[in-house]
Amino acid sequence: MDTSRKIILTCAVTGGAPFNRKHPAMPVTPAQIAAAALEAAAAGASVTHIHVRNPQTGEGSRDPALFKEVVDRIRSTGTDIVVNLSCGMGAVFMPDPENEGRALPESDVASAADRMLHLNNLPELASLDITTGNQIEGQTEFVYLNTTRTLRAMAKRFAALGIKPELEVFSSGDIEFGKQLIAEGLIEGTPLFQMVTGVKWGAPSNPETILYQRGLLPPGAVWAAFGIGRNQMPIVAQAALMGGNVRVGLEDNLYLSRGVFATNGQLVEKARGILENMGYAIATPTETREMLGLRRGG
């Protein structure tokens, strides 16, 4: 265990999935999402990972105007935080049970170009979910659809804009495709992999999964892992011990403890306490940029 290395701590402040509407402070509007990112920064987060939501309904959105308002609000404060914008929306295929080749109206499958319109904000990082698979949110089942053709097109656009992709992987095969993107020259510099664990039908949240997937990564890759729900903090400790970086936030877990709703700042503080009590220090945004080879956004 090398406690001399700095750990990148990401806070995913809202996500785009349905959430428990009883939560008293889930960030929904651009002002609330920006405030949540600033709260995470004040608590010591290195990176803020951002989705946007429809301000009226609270549902996940990919409206470029909403992203612009959030980013502008964060940058106008002068707060130093690495901004990571999600490109995960626009990949939801809900098949009609009567004809699975036909999409239900609730589906949202967009072109690669439409999924990246908000990247004109030039974030330093953006997520690229290099996976396709069955998923479920509440009682709704769908296919999270990211074809290799779409992912290659998105990787090319990231490179053209100078935005580093955070390669989000949900299973071991996703890592193999990530290595293929690297081999094709579509990923520049040090690759960054984010292991998603605990999603239904995806990689489980346990040490064995992380160890196995870590062994599949290309030499020199930077990696992180996070867990969903009650596994959020255990995965913080496990990823750190195994040489990785970490992520917390309301996108992945709404609770500080059983039955107690959290804020993003509280989750960052709790993760930071775990890591510091283990002997680790959290990377500052400036140190994070150096570690990942980022080009300053904006």
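The values are calculated or read from the model by the stated rules, or taken from the named source; none is laboratory data. Treat the numbers as computed from the prediction; the structure is a model and nothing was measured. All Cβ positions, glycine included, derive from the backbone under ideal geometry; neighbour counts span all protein chains shown. Note: areas computed on protein heavy atoms with side chains; ligands, DNA, RNA excluded. Shrake-Rupley method; radii C 1.70, N 1.55, O 1.52, S 1.80 Å.
Got a sec? Which of Thr57, Thr79, Thr48 is polar (S, T, N, Q) and buried (at least 23 other Cβ atoms within 10 Å of the Cβ)? Write out each step before concluding.
On the way: Thr57 fails: buried (at least 23 other Cβ atoms within 10 Å of the Cβ); Thr79 fails: buried (at least 23 other Cβ atoms within 10 Å of the Cβ).
None of the other options fit; the residue is Thr48.
Here's the yes/no breakdown for (1) surrounded by fewer than 18 Cβ atoms within 10 Å (Cβ to Cβ); (2) in contact with a Lys or Arg (Cβ under 6 Å, 6 or more places away or on another chain); (3) assigned to a helix (DSSP H, G or I):
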| position | (1), (2), (3) |
| --- | --- |
| Lys200 | yes, no, no |
| Pro204 | yes, no, no |
| Leu211 | yes, no, yes |
| Arg214 | no, no, yes |
| Asn231 | no, no, yes |
| Gln238 | no, no, yes |
| Glu251 | no, no, no |
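Examine region 161-169 for a residue that is farther than 20 Å from His51 by Cα and either open to solvent by less than 10 Å² (accessible area, probe 1.4 Å) or among the aromatic types (Phe, Trp, Tyr) (or both), and state whether such a residue exists. Scanning region 161-169, I find no residue that is farther than 20 Å from His51 by Cα and either open to solvent by less than 10 Å² (accessible area, probe 1.4 Å) or among the aromatic types (Phe, Trp, Tyr) (or both), so the answer is no.
Between Gly220, Gly189, which is surrounded by fewer than 21 Cβ atoms within 10 Å (Cβ to Cβ), over 19 Å from the mean Cα position of the chain (by Cα), without any contact (Cβ under 8 Å) to a residue 40 or more places away in the chain and not in a helix (DSSP H, G or I)? Answer to the check: Gly220. Can you tell me which residue in region 272-288 is surrounded by the most Cβ atoms within 10 Å (Cβ to Cβ), limited to those that are among the hydroxyl-bearing types (Ser, Thr, Tyr) and not in a helix (DSSP H, G or I)? Among those residues, the one meeting the criterion is Tyr280.
Can you tell me which residue within region 135-151, out of those that are more than 19 Å from the chain's Cα centre (by Cα) and outside any loop (DSSP other than H, G, I, E, B), is surrounded by the most Cβ atoms within 10 Å (Cβ to Cβ)? That would be Phe142.
Any residue at all in region 261-271 that is in a loop (DSSP other than H, G, I, E, B) and either within 18 Å of the chain's Cα centre (by Cα) or more than 21 Å from Val71 (Cα to Cα) (or both)? Write out each step before concluding.
At the first step, the residues of region 261-271 found to be in a loop (DSSP other than H, G, I, E, B) are 262-263.
If we keep only those that are either within 18 Å of the chain's Cα centre (by Cα) or more than 21 Å from Val71 (Cα to Cα) (or both) as well, we get 262-263.
Within region 261-271 (the criterion being in a loop (DSSP other than H, G, I, E, B) and either within 18 Å of the chain's Cα centre (by Cα) or more than 21 Å from Val71 (Cα to Cα) (or both)), the answer is yes, since at least one residue qualifies.
Could we say that Arg73 is closer than 26 Å to Leu192 by Cβ, open to solvent by less than 50 Å² (accessible area, probe 1.4 Å) and among the basic types (Lys, Arg) here? No. For region 148-192, filtered to residues that are touching a strand residue (DSSP E or B) at 6+ places or on another chain (Cβ under 9 Å) and of a type in the set (Ser, Thr, Tyr), the residue that is nearest to Met89 (Cα to Cα) is Thr150.
Among residues of region 8-22 that are farther than 18 Å from Gln135 by Cα, those with a beta-carbon under 8 Å from a residue that is hydroxyl-bearing (Ser, Thr, Tyr) and part of a loop (DSSP other than H, G, I, E, B) at least six positions away or on a different chain give the pairs Ile8/Ser46; Leu9/Ser46; Thr10/Ser46.
Quick one: is Leu294 part of a loop (DSSP other than H, G, I, E, B), under 28 Å from His118 (Cβ atoms) and either polar (S, T, N, Q) or touching a residue at least 12 places away in the same chain (Cβ under 8 Å) (or both)? When the stated conditions are applied, Leu294 passes them. Considering region 82-107, and only residues there that are farther than 21 Å from Ala35 by Cα and among the polar types (S, T, N, Q), the residue that is surrounded by the most Cβ atoms within 10 Å (Cβ to Cβ) turns out to be Ser107. Restricting the first member to region 157-169 and to residues that are under 16 Å from Ala112 (Cα atoms), and the second to residues that are buried (at least 24 other Cβ atoms within 10 Å of the Cβ), the beta-carbon pairs closer than 6 Å and six or more apart or on different chains are Phe158/Pro165; Ile163/Ala126; Pro165/Leu128; Leu167/Leu128; Leu167/Ile130; Leu167/Gly178; Leu167/Phe193.
So which residues in region 240-249 are surrounded by 19 or more Cβ atoms within 10 Å (Cβ to Cβ) and not in a strand (DSSP E or B), if there are any at all? I'd like the intermediate steps shown before the answer.
From region 240-249, those surrounded by 19 or more Cβ atoms within 10 Å (Cβ to Cβ) are 240, 244-249; that's our starting set.
Listed by number, the residues that qualify are Ala240, Gly244, Gly249.
Kindly evaluate Val82 against the criterion of being of a type in the set (A, V, I, L, M, F, W, C), over 30 Å from Phe142 (Cα atoms) and in contact with a Pro (Cβ under 9 Å, 6 or more places away or on another chain). Full working, then the answer.
On the way: of a type in the set (A, V, I, L, M, F, W, C): yes; over 30 Å from Phe142 (Cα atoms): yes; in contact with a Pro (Cβ under 9 Å, 6 or more places away or on another chain): yes.
Criteria met by Val82.
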